[in-house]
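A quick write-up on the structure given underneath.
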Amino acid sequence: MADLPADRLSMEPPFSNIGLDVFGPWSVAARRTRGGHAESKRWAILFTCLSVRAIHIEVIESLDTSSFINGLRRFLAIRGPVKHIRSDRGTNFVGASKVLGIPSNIDGESVKRFLSDHDCMWTFNSPHSSHMGGVWERMIGVARRILDSMFLQMGSSKLTHEMLVTFMAEVTAIVNNRPLIPVSNDPMDPFILTPATLLTQKVGPCPAPVGDFDDKDLSRHQWRRVQSLSDTFWTRWRKQYLSTLQPRKKWTSEHRSLKPGDVVLLRDNAVKRNVWPMGIIAEVYPSKDGLVRKVQVRVTSADGVKLFLRPASEMVLLISSEE
């Protein structure tokens, strides 16, 4: 397993280095009609601070570049300027980086020129490398499973846009109040360290409204519906995520790094093993520790020769270059 990137260990202010992704969609009641409610879809951008692990959620109306830029600008207006952005290669992300003039790791020369003037860049993960964004994919994965099951149980009862925005703010508060380190049994410890503590410099979570909110409140006033959903999210978050905060050990042994000339199979879970394409490693990209985690593979097929950029974890070594 590689060492943590430098921006994961940065001592800069929160949200100076972020990872982001979009999840959703959910149906909301846009307006009342004679036949009931007109529906529309909403998505959410989840921003994760790479150092203090806090999150920030912005609701957007579509997946196009313009809507994403609006959500990003709202985030920057609240949290301040960002020095480093990480994400996958979504088309709206790549388009936004070009529109905003933020260079990406696709063009090294433009990165150098921009950094000298603005000290900001956008790094895209390799294709098929969602594990490289685990620091923010983990938060999205747990939150998405809980939210999708909740909305599925709601059935035809739709939220309005305002209710969804408020609910996402409550979700943000719940996630940011998770403990960052194992909770001590020492009664002399002053408080539990959470992302919210580092963000607000305040001890203790934001208190919930007084009163009990249950399933009956889903058909009552809008604010009571939001609080009922927030209580449900907290219950499932506590059971499905907080109970899993324990050490996990993997990728502890070192293996031979791939080299140019190695004959490999490109692993593809969408097809059977016997039709995995065979290729030759054309170029390797070592990390700072000298280990290879990203390679360029040359594959020959009926359509000609093609080059693919893939993570080393998707390569199955058949014949080494020494053989």
| So, in nm, how far is label Met11 from label Gln201 when the simple model puts each one 7 Å beyond its Cα toward the Cβ? | 1.7 nm
| message | At R0 = 22 Å, how high is the FRET efficiency between Asp303 and Ser130 if r is their beta carbon distance? Nearest 0.05 is fine. | response | 0.25
| remark: Rounded to one decimal in nm, the spacing of the 7 Å Cα→Cβ label points at Val99 and Met1 is 3.7 nm
| said: Here is the link list: Lys239/Lys272; Lys259/Lys306; Lys83/Lys294; Lys98/Lys272; Lys98/Lys294. Which ones come out longer than 28 Å on Cα distance? | reply: Lys239/Lys272; Lys98/Lys272
| query | Points 7 angstrom from Cα along the Cβ direction at Asn70 and Thr160: gap in nanometres? | reply | 1.8 nm
| said: If each residue of separation counts as 0.36 nm, what is the full-extension length gain between Val271 and Ala173 once their alpha-carbon separation is subtracted? | reply: 31.1 nm
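Laboratory data are not the source of any read-out in this text; all were calculated from the coordinates shown. The model shown is predicted, which means the values in this text are computed figures rather than measured ones. Neighbour counts are summed over all protein chains in view; Cβ atoms, including those assigned to glycine, are modelled from backbone coordinates with ideal geometry.
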